[in-house]
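If you scroll down you'll find the structure; I have some questions about it.
The numbers here are math on the coordinates, done by the rules we state, and not lab data. Computed from a predicted model, the values in this text were never measured in an experiment. Cβ placement follows ideal geometry from the backbone for every residue including glycine, while neighbour counts extend to all protein chains displayed.
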Amino acid sequence: MFRNKARQKYQHRNQSQYCGKNTGNRVNFRLLTPKQQLNKPTEHITMQQNFINIRLDRLKYADLSLLYRGIEHIISEFDGEDLHLKIPFARYSEKSALLKSLETKDRSKYYADEYAKQLKRSDELVSALLLHLKALNRAAFPESLYIAESVYKFIRKALGNFVHVGADKKKAALDVILWNFNPKQNSWYEDAVTLGISRYFEELSIISEKLDSIENAEKEARKGQAKSSEAIKAKAELISEMRLLLQCIDVTALNYPDKDYSKLIAKINYELKTERTQLRNLQTRRMKKKTAP
C-alpha cells in the first residue's frame with residue numbers, strides 16, 4: 001500500500017517535471033496534469049512542404065539541365081505578378097545562362113590520325129637510330145668507338161623503351177633528346193655529326209614541331225568549352241536557385257491562400273518525380289552491379 005502511494009506520487013512528480021515536452025511538431029498533452037491542461041498553449045501553424053524530396057546534387061549535368069529548363073518552361077506559363085512570384089521567377093530565368101557551363105564537353109581528337117602517323121614515324125626513326133649506333137659499336141672504329149659508346153648509352157637511357165610507351169612519354173623523351181642534341185646549345189650535336197647520325201635528330205625535331213602544332217590545333221578546336229571548375233560552381237548555383245524557388249512557392253502559397261497554386265505545384269512535382277525515378281533506377285543498377293558475382 002505504501003509502495004503504491006509512493007509510486008503514484010513519483011509518477012505525478014515525473015509528469016509535472018516533463019510536462020509539455022516537445023515530441024515532434026506539437027506538444028504531447030497527455031503528460032500534462034489536469035490543471036496544466038486548462039492552460040495548454042495554442043498550436044502553431046506549420047508550413048507544409050508541397051514539393052517532393054530529391055537529391056539534386058546527385059543529378060548528372062545533363063539531367064540537371066533538363067530539369068532546370070523544364071521548370072523554367074513551366075513557370076513561363078504562369079503570371080508571376082498575379083501569383084506574387086514575379087521576382088523569384090525573374091531570378092530563376094536569369095540563372096539559366098549558367099546552363100551553358102553544364103554542356104557536354106567534346107573530348108574527341110580531331111587530328112588523331114595525323115598525330116598517330118607522326119608518332120609512328122618517330123618510332124621508326126628511334127629504332128633506326130639505335131640500330132645505327134649498335135652497328136658503329138660493333139664496327140669498333142678506333143677514332144669513334146668511345147664517342148659511339150657514350151652516345152649510345154646516353155640515348156638508350158633517355159629514350160628507355162620508347163616504342164612501347166604512351167604518347168605523353170614519347171613526347172617527353174623526344175624533348176629531352178632534342179634539347180641535348182640541339183646544335184645551338186650543346187656539344188652532343190658535334191658528336192652526332194662526327195658519327196654521321198645528325199640527320200636523325202633533324203627529322204625528330206621536325207616531328208616534335210608537328211606534334212606541338214597538332215596539340216595547339218586541338219586546344220583551339222576545343223576553346224570555348226567550360227572548365228570543370230566552372231561547371232561545378234555553376235551546378236551548385238543552379239541547385240541553390242532551384243531550391244530557393246521551391247521555398248518561395250511554399251511560403252507564398254501559405255501567405256496567399258486565396259490564390260490557387262495547385263496546378264503550378266503539380267507540374268513542378270511531375271518534373272521532380274521523373275528525375276527522382278531516374279536517380280533510383282541508376283542507384284538500383286549500381287547496387288546490382290556491386291552484388292553481381
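When the distances between all Cα atoms of the stretch 112-221 are binned every 10 Å from zero, what whole-number percent does each bin get?
Histogram of Cα-Cα distances, whole percents per bin: 13, 47, 28, 9, 2, 0.
Of the cross-linked pairs Lys227/Lys263; Lys60/Lys263; Lys95/Lys223; Lys120/Lys184; Lys60/Lys219; Lys60/Lys171, which ones have a Cα-Cα span greater than 32 Å in the structure shown?
Values: Lys227/Lys263 38 Å; Lys60/Lys263 27 Å; Lys95/Lys223 23 Å; Lys120/Lys184 27 Å; Lys60/Lys219 25 Å; Lys60/Lys171 35 Å.
In this structure, Lys227/Lys263; Lys60/Lys171 exceed 32 Å between Cα atoms.
Residue by residue, what Karplus-based ³J(HN,Hα) values in Hz, rounded to whole numbers, does the stretch 131-143 have, using 6.51, -1.76 and 1.60 with θ = phi - 60° and x for Gly and Pro?
Ordered by residue, 3J(HN,Hα) equals 5, 4, 5, 4, 5, 5, 5, 5, 5, 6, 5, x, 6 Hz.
Say each of Thr194 and Ala139 gets a label point 7 Å from the Cα, pointing the same way as Cα to Cβ; how far apart are those two points in nm?
1.5
In nm, give the distance between the simple-model label positions of Lys223 and Leu279, each being 7 Å from the Cα along the Cα-to-Cβ direction.
Going from the Lys223 label point to the Leu279 one covers 3.9 nm.
Can you tell me how much longer the chain between Ser205 and Arg121 gets when fully stretched, taken as 0.36 nm per residue apart minus their C-alpha distance, in nm with one decimal? Could you put the intermediate results ahead of the total?
Values: separation 84, 0.36 × 84 = 30.24 nm, distance 1.19 nm.
Going from the current span to full extension adds 29.0 nm.
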